[in-house]
1. Any residue that is charged (D, E, K, R), at pLDDT below 95 and crowded, with 17+ Cβ neighbours inside 10 Å - is there at least one of those in the stretch D:74-95?
2. Select, from A:GLY369, A:GLY356, A:GLY377, the only residue that is under 30 Å from D:ILE107 (Cβ atoms) and in contact with a helix residue (DSSP H, G or I) (Cβ under 7 Å, 6 or more places away or on another chain).
3. Please verify whether the stretch A:4-12 includes one or more residues that are in a helix (DSSP H, G or I), hydroxyl-bearing (Ser, Thr, Tyr) and buried (at least 19 other Cβ atoms within 10 Å of the Cβ).
4. Which numbered condition in (1) under 25 Å from the mean Cα position of the chain (by Cα); (2) farther than 30 Å from D:VAL190 by Cα; (3) not assigned by TED's automatic domain parsing to the domain that holds D:THR43 is the only one that D:ALA99 fails?
5. Would you mind finding the one in B:LEU42, B:LEU29 that is surrounded by 15 or more Cβ atoms within 10 Å (Cβ to Cβ), of a type in the set (A, V, I, L, M, F, W, C), in a helix (DSSP H, G or I) and in contact (Cβ under 8 Å) with a residue 12 or more places away in the chain?
6. Go over the candidates A:HIS365, A:HIS394, A:HIS402 one by one and state the one that is more than 8 Å from chain D (Cβ to nearest Cβ) and modelled with pLDDT of 95 or more.
7. For residues that are more than 22 Å from the chain's Cα centre (by Cα) and either more than 28 Å from A:ARG464 (Cβ to Cβ) or surrounded by fewer than 19 Cβ atoms within 10 Å (Cβ to Cβ) (or both), tally how many sit in the stretch A:112-146.
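The values are calculated or read from the model by the stated rules, or taken from the named source; none is laboratory data. Since the model is a prediction, treat every value here as computed from it, not as a measurement. Please note: Cβ atoms are built from the backbone with ideal geometry, for glycine as well, and neighbour counts cover all protein chains shown.
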Amino acid sequence: MTVFSTCHKVIGKQYIALSLFSVFIGIFLSLVMRYHLVHPDTKVKLFQLLWPDGAPGGQMTPELYLSLMTMHGTIMVFFVLTTTPQSGFGNYFLPLQIGAPDMAFPVLNMLSFWTTALSLLTLLAAFFVEGGAPLSGWTAYPPLSGLGKITGPGQGLGQDLWILSIALFCVASLMAAINFIVTIIELRAPGMGYFDMPLTCWGWFVTALISLFAFAVLLPGGVLLLLDRLAGTSFFIPGGLIVNDQVQTRSGGSPLLFQHLFWFFGHPEVYIAILPGMGLISTVLSVFSGKRVFGYKAMAIAMLAIGGLGFVVWGHHMFISGMSPYSSIAFSVLTLAVGVPSAVKTFNWLATLWGGRLRFTAAMHYALGFVSLFITGGITGLVLGQPGLDVYFHDTYFVVAHFHLIMGVAAVFAIFAGLHYWFPIMYGRFLNEQLGKLHFFLTFAGVYALFVPLHFAGFVGNPRRYPDFKEYEFLKSVMPLHIGVTHAAYFLAAVQLLFLFNYLWSKRRGALAPANPWGAATREWRND
Amino acid sequence: MIAVWLLLVAITLAEAGLAWVHTAPALMLALLLLLSLAKAALIAWYFMHLKSARPKHLPAFLFTLFACVGLLLAILPEGIRAWSMR
Amino acid sequence: MSAHRNPPGLKTLGMWLFVLSDMLTFSTLLVVYSALRFANPAWPRPFSLNPGILFATIMTIVLLASSLTMVWAVDAIKRDQRKRTVQWLGATILGGAAFIALHLMEWCHLLTVENITPASNPWNVPLFGAVFFGVTGLHMAHVAAGLVYLSVLAAGVSRGTFCVEDVETGGLYWHFVDVVWMFVFPLVYLMAVKP
Amino acid sequence: MAIAILIAALAGATVALFFQPRWWFPDAISAHAKAYDAHFLFTLCVIGAIFVFAQGLLTWVILRYRDRGQAPSAHEGNNTLELVWTSATAVVFLGLAFAGQGIWAGIHLDAPAANALRVEVLAKQFAWSYRYPGPDGAFGRVDTRQIDDASGNPFGIDAKDPAGRDDITGAILRVPAGRQVELLLKSRDVIHNFFVRELRLKQDVVPGITIPLRFTADTPGSYEVPCSELCGLGHHQMRSSLVVMAPADFDAWLQEAQQKAAQP
């Protein structure tokens, strides 16, 4: 196995390894944040050791908290949720499932992986530069992100590196998207039509199409923001600003413009994270219920519809932004419309199970857990999609709960399902089934314990992105909730070590797997 | 091919000519966009060989591109609004 | 590279996809430009007919000419005239280099004589320079990347390692850079001509 | 099977949590807020029903079709069924979308009342300031060069403009109960957010533009205003208060403030 391999299997595994590395950093950051939220005044030696400037004497500063939050979001969204389901699984299994010898452009494939790796390194480097990592969140709204150091520590070189990292990630994703699309269009086995492909391939196909157009808009958005910071332009900076008592000379730009560009990418990004998982779950449910996927064509078309509608709903992230109230109404109707194909998928999954003979393997557990979480997380979208109701919940923990359940945890359950399902192909061995199921039960319960209570912090009106809740009378009441949630987070994080152990142990010592252990019908299980 | 090229140059000169005669901005923008689309189409059709060889599903991809650009244009009223909300 | 042989048309399709995606990138920039122009009705229109517009017209014709030589390069490789191909590629590179040289001259003139920089200008609408240098700069970066790309192509063709599809793909890229300029020229230059 | 029991238990616990009274909206203090609560409750009932139905069905399917050696059925699609559940969800979801427009239109699209009290709101890192136009009903001109937080002129009211001499500024937003208030939201540096939980209102404050926000509070009291858009390291401390006063109290306060402002 060479480092700069052009073999799709190696590259797939490299992507998965990169995600695994990233996810543990992301989890660690979230634990530090959760700890700080409930013990805001406790000095911790470890924090001082890790961030001497951000936590002098071990006392975490607000700017350190905000930078951890920014990095947690960025790492999880880009290097975990975008990377494993699409680039990791897709690279490994797409060619196998459609009978292609490799991806269409193996060298380009290698390049996109290493660009992604470079992007991750650039991002992590932000921790070590003067001022530390940026504190403007993964959405990086200007002017906070556009004016440089003056708006806070971390907004200097740290923010520059962050934008650079995102730009690199855009380039890598565009290369990968081209590779996926060409592979699917040109390299399907003779006689295999589009509607003969497994639904996993549909997931990767639609995701690649979304990437091709969504990242193409984020890239110039990032470049313009970087110009605002480095070349003194004012694309996103209006006139007459006084920051930190210093008069700014820029004028003429529009902060809302950046939000439009960002969410034009940002909303489709949600589907980039979840669509490959949807395809995978369809396959796993079908295999372990001993039935074909119910309504295959409707499922494929629903994916296309989600992908298409995903491009016309970005405004629901901007209901409170000062955007025209008329636009909000249009975006709201479209947003609830995108729920329809999602609901159709749920019904089809249930119908796939209906009348089957369900075998409860570990992968099946995760798949069923995915369906349950998809419902729980998706249903609150019907609240947030209405601008009238969104005004209360926007930027509260209700939103945090919503997107963690649907975009974060559901997508991660799809990754778990995929790893258990495909491990025999990747390593010739099983992931331990008993350990897998135990991990599932603990994780599933832990996820509900962590994220369901956060909705209620949202009901109280608890704003997100607060390093502590000491300033407000009304936030005293949510402290018990946050203490519970933090304990759930510790529990959930600890449980993930079970999985890590299972993964590393089973790779070498797991039970040997026969050729087609699950009795699946797709091509990747054939020995030819 | 030389004929196509001469046509492209001629359109370019016509565009520059619009500036010469000081056309009203709105009319000028409309004409320029039209002429530019014509030039882009000429280049794509002849130089990029769309006439003889079309990559698979090009119409679908082009449609997606135009749809995305159309959607982005929805941002423009925001610019006008920003001006009136100073 | 793996041992298998891909069917023809793969690289062309890949390049087309890149072109479409990059077109959206440029469209985004032009939409940003339009939105900002709406938000700043006092947008300056500083370009005089001579030298401003005349100079840009010449640049446009130079770029168009390099597209024509690129077409001939593709024709030549199709007829398996490798030497001729390299010559036409060389001509294309020359055209591109001339375009960049002219462009840089213009930039220098604007920066030093007219005092238009990305962050400021005499009319106090700093975004004018930001948009001008942003849009033309990104385009120029594409031309510069194209020069490297075409040089690699020319070297490969003369060594005999690159085939017809490689040159065609390079041609697609080059023409695309041309297409982009066909929108930059009227929107950035002609719409900013002195009234 | 264990998983079915777990799904049912967790879904049940989730539903049960919605019946606890402890973590919920604060009391509504405006007609809009009451309308908000009513529509939210309606939406909650709809999504609660969908939630229970879907999780219940999932649980039931898992139990019913667990491996007991039965032969799986061969059905793999039914167009009528697809059509039925697609249209049914479309009707429910789009119905919700349209039903929800009323409360949105009520705060953003209705014309302001003729006697609305206009108050300018200025956000900066990390504080809020409020400005009342004074007896002349007009806000004085502002000049960014005259901004001086230390001497109590965060707005930069131009000393030369007579309309500005009677302007009242302060760090607390005081409004009379029962009269419409129109806030004019402005920011001096980055994006902030004006949020009053009891009014069910939240609006970003965007530099470069002035965003109007209207409400009519009807219950006197003091309410907290937390900044709800990440604005930097002091974001969590950018706190302000909305004080709703009985009309007579408000008039008395206004008079006193005007007198204070009139003195040199």
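1. Checking the stretch D:74-95: at least one residue is charged (D, E, K, R), at pLDDT below 95 and crowded, with 17+ Cβ neighbours inside 10 Å.
2. A:GLY377
3. No: zero hits.
4. All conditions pass for D:ALA99, except number (3).
5. Numbers: B:LEU29 fails: in contact (Cβ under 8 Å) with a residue 12 or more places away in the chain.
Only one candidate passes the filter, namely B:LEU42.
6. On inspection, the qualifying residue turns out to be A:HIS402.
7. Qualifying residue count, the stretch A:112-146: 3.
Residue by residue, here is whether (1) touching a strand residue (DSSP E or B) at 6+ places or on another chain (Cβ under 7 Å); (2) crowded, with 17+ Cβ neighbours inside 10 Å holds:
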site	(1), (2)
C:HIS103	no, yes
C:TRP123	no, no
C:THR136	no, yes
C:VAL157	no, yes
C:THR161	no, no
C:TRP174	no, yes
C:TYR189	yes, yes
